[in-house]
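Remarks on the structure that follows.
The values are calculated or read from the model by the stated rules, or taken from the named source; none is laboratory data. Quick caveat: nothing in here was measured; it's all calculated off a predicted structure. We place every Cβ from the backbone using ideal geometry, glycine too, and count neighbours over all the protein chains shown.
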Amino acid sequence: MSIIEKIAESDNFTAVNFGKLTDVLLNGNGKIFLNEQTKATGTEISISVLPPQTDLPIFHLHKQNEETYLILTGKGKFQVDDKCFDISEGSVIRVATTGLRGMTNTSDEPMIYIVIQSKENSLEQYSLEDGIIQDGTALW
């Protein structure tokens, strides 16, 4: 399994590299949590792999964090409460804290997906509303 390498860091950022995504996930424990490595304070980001023809082993909900799932490879089914629907590469699913969720990989390839957790109802500004354009000097 690859070791996460710190690329650069200062008071305002942390950059890491964990190598080739598929190698790390398929040869490791199948999940990478990035909040500790990046010192994130407002989101939890994980990258996971669900083997072919496999169910996510737990149905779950959260106390305060909503989740957004980004499906990168594979296809399957996603269930929230009593609704079940097809998912595939490119699917994005946001689930509120109280939504009981689970999924299955129905394909013959690994399903690789990203999950972003953030405190529900905490987003006040985003994109251009939150951004402040500044002059900067490129160092490349």
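In table form, for the structure just shown:
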quantity: Residue match in the stretch 5-13 (condition: outside any strand (DSSP E or B), within 25 Å of Arg101 (Cα to Cα) and among the polar types (S, T, N, Q)); calculated: no
quantity: Residue among Leu72, Leu100, Leu50 that alone is among the aliphatic types (A, V, I, L, M), touching a helix residue (DSSP H, G or I) at 6+ places or on another chain (Cβ under 9 Å) and at pLDDT 85 or above; calculated: Leu72
quantity: Check on Thr73, assigned to a loop (DSSP other than H, G, I, E, B), among the hydroxyl-bearing types (Ser, Thr, Tyr) and without any contact (Cβ under 8 Å) to a residue 60 or more places away in the chain; calculated: yes
quantity: Residue identified as buried (at least 17 other Cβ atoms within 10 Å of the Cβ) and under 22 Å from Lys6 (Cβ atoms) among Leu25, Leu50; calculated: Leu25
quantity: Inter-residue pairs, beta-carbon under 8 Å, first under 13 Å from Lys39 (Cβ atoms) and modelled with pLDDT of 85 or more and in the stretch 5-20, second among the basic types (Lys, Arg) and in a loop (DSSP other than H, G, I, E, B), 6+ apart; calculated: Thr14/Lys39
quantity: Within the stretch 86-140, tally of residues that are of a type in the set (A, V, I, L, M, F, W, C) and surrounded by 13 or more Cβ atoms within 10 Å (Cβ to Cβ); calculated: 10
quantity: Some residue of the stretch 27-45 being aromatic (Phe, Trp, Tyr), at pLDDT below 80 and either within 28 Å of Glu66 (Cβ to Cβ) or out of contact with any helix residue (DSSP H, G or I) (no Cβ under 6 Å at 6 or more places or on another chain) (or both); calculated: no
quantity: Subset of the stretch 94-136 [in contact (Cβ under 8 Å) with a residue 60 or more places away in the chain and either acidic (Asp, Glu) or not in a strand (DSSP E or B) (or both)]; calculated: Pro110, Ser122
quantity: Search result, residues across the stretch 72-119 that are of a type in the set (Ser, Thr, Tyr), within 18 Å of Glu44 (Cα to Cα) and under 15 Å from the mean Cα position of the chain (by Cα); calculated: Tyr113, Ser118
quantity: Residues located in the stretch 55-71, provided they are crowded, with 18+ Cβ neighbours inside 10 Å and over 21 Å from Gly42 (Cβ atoms); calculated: Leu56, Ile71
quantity: Residues of the stretch 28-47 that turn out to be farther than 20 Å from Ile112 by Cβ, free of Cβ contacts under 8 Å to residues at least 40 places away in the same chain and surrounded by fewer than 12 Cβ atoms within 10 Å (Cβ to Cβ), as a count; calculated: 3
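Yes/no matrix, rows are residues, columns are (1) acidic (Asp, Glu); (2) over 18 Å from Gly30 (Cβ atoms); (3) in contact with a His (Cβ under 8 Å, 6 or more places away or on another chain):
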{"residue": "Pro52", "(1), (2), (3)": "no, no, no"}
{"residue": "Glu66", "(1), (2), (3)": "yes, yes, no"}
{"residue": "Leu72", "(1), (2), (3)": "no, no, no"}
{"residue": "Thr97", "(1), (2), (3)": "no, yes, yes"}
{"residue": "Gly102", "(1), (2), (3)": "no, no, yes"}
{"residue": "Asn105", "(1), (2), (3)": "no, no, no"}
{"residue": "Met111", "(1), (2), (3)": "no, no, no"}
{"residue": "Ser118", "(1), (2), (3)": "no, yes, no"}
